[in-house]
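J.: Take this structure first; my questions come after.
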Amino acid sequence: MSEELNPEEEARTILDRMRQGGMWEPMGLGLCYIKTGDKSVSLASQENTPISAQARIRMRMLIENIGWKVDETETKITNVENLDPAERHMKAMQMRQEQAQNWQCDCGTPLSAFALEEGVWNFYGQEEMASPDGETGIVEQWAVVISCPVCDKEIPVEPYDYALLAGDDAMITIKTKTMEYTALDRVEIIKRVDDKVVDSVMILGTFCPMSGELLPPHARGSIVSFRKIEEEE
Ligand SMILES: [Zn+2]
């Protein structure tokens with residue numbers, strides 16, 4: 001009697017939770033799926049390895065078994081034969097970034113045109129999730145809410161997708177509803193301490209020492225400068 005999810009249940013959970021246009025790369029298979037509709041995905045790419053070619057057939061059966069459709073008409077075969085792991089990683093990142101440029105609001109505005117740096121980090125509670133080794137753990141659900149400059153729609157984007165869209169530099173600053181934190185590097189910390197301008201500097205824990213709010217995991221342990229966000233009328 002185990003409470004582990006079977007592969008079908010796991011796939012269904014992942015696909016249901018995904019945003020339209022979101023990517024799914026099952027670990028170690030060299031496959032990248034894009035969610036294209038309520039019950040449909042398209043296979044964007046497959047690596048030219050026997051492992052990936054076999055996985056493609058298995059995954060197709062699995063996804064169809066849970067009542068989803070797989071479109072393989074646009075599948076690109078990526079050549080990874082002569083690449084070392086670092087180059088493979090680079091190539092995969094490039095592909096994800098290109099993909100992120102295609103994400104759109106319902107009104108057709110590309111998410112990349114949003115004022116991404118204005119995104120507000122929001123905590124959506126905890127969820128129990130199964131990891132690939134079958135252990136279940138509690139995972140915090142975070143998203144960055146960005147708003148459409150054209151139709152004002154607010155779109156929550158997962159942190160990983162947000163970093164793809166906005167770039168790693170955008171992760172240095174974290175805006176919440178009440179505060180804005182900017183992580184300081186060593187040089188900046190030394191300068192502030194030498195100049196004795198440390199009154200707007202603090203060390204973040206799980207919670208903000210000042211506002212008491214829960215912070216996204218990547219912010220914890222950072223030394224930051226901060227400012228309070230004025231309440232808008
Ligand atoms: Zn819009």
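J.: Fewest to most neighbouring Cβ within 10 Å: what's the order for H89, H218?
T.: H89, H218
J.: Moving on to the next point. Extension gain D38-R220, at 0.36 nm per residue separation less the Cα-Cα distance, in nm?
T.: 61.9 nm
J.: Could you calculate the FRET efficiency of R58 with Q104 from 1/(1 + (r/R0)^6), where r is the beta carbon distance between them and R0 is 30 Å, rounded to 0.05?
T.: It comes out at approximately 0.45.
J.: Sticking with this structure for a sec: Count neighbours as other Cβ atoms within 10 Å of each site's Cβ, and list the trypsin sites (Lys or Arg not before Pro) in region 129-233 that are DSSP loop with at most 15 such neighbours.
T.: Here the trypsin sites (Lys or Arg not before Pro) that fit, given the DSSP loop and packing criteria, are K153, K177, K196, R220.
J.: While we're on this one: Pop a pseudo-label 7 angstrom from the Cα along the beta-carbon direction at both E180 and Q94 and give the gap in nm to one decimal.
T.: Placing both labels 7 Å beyond Cα along the Cβ direction yields 3.5 nm.
J.: Another question, if that's okay. Would you calculate the separation in nanometres between label points at K196 and N82, each defined as 7 Å from the Cα along the Cα-to-beta-carbon direction?
T.: 6.3
J.: Per DSSP H run of at least 4 residues, take -39500 (n - 2.57); add these up for the chain, divide by its residues and hand me the 222 nm value, nearest 500 deg cm²/dmol.
T.: -8000 deg cm²/dmol
J.: Also, quick follow-up: Report the local net charge at P149: Lys and Arg +1, Asp and Glu -1, summed over other residues whose C-beta lies under 15 Å from its C-beta.
T.: For residues surrounding P149, the net value is -4.
J.: Test of understanding: what is the full-extension gain from Y160 to T136, defined as 0.36 nm times their sequence separation minus their Cα-Cα distance?
T.: 6.5 nm
J.: Compute the FRET efficiency between E8 and D152 as 1/(1 + (r/R0)^6), taking r as their Cβ-Cβ distance and R0 = 45 Å, and round to the nearest 0.05.
T.: Values: r = 39 Å, r/R0 = 0.86.
It comes out at approximately 0.70.
J.: Show me the helices of the chain, taken as full DSSP H stretches, that run 20 Å or more along their long axis by Cα and average -1.0 or above in Kyte-Doolittle hydropathy.
T.: 50-65
J.: I've got another one for you. May I have the extent of the alpha carbons of the chain along their three principal axes, as whole Å values ordered from largest to smallest?
T.: 62, 46, 43
J.: Under the 0.36 nm per residue contour assumption, what length would be gained going from the current alpha-carbon distance of E72 and M210 to full extension?
T.: Numbers: separation 138, 0.36 × 138 = 49.68 nm, distance 5.15 nm.
Gain on extension, E72 to M210, equals 44.5 nm.
Since every read-out is calculated from the coordinates, none of them should be taken as a lab result. Small disclaimer: the values here were computed from a predicted structure and weren't measured. Cβ: placed from backbone, ideal geometry, glycine included. Neighbour counts: every protein chain shown.
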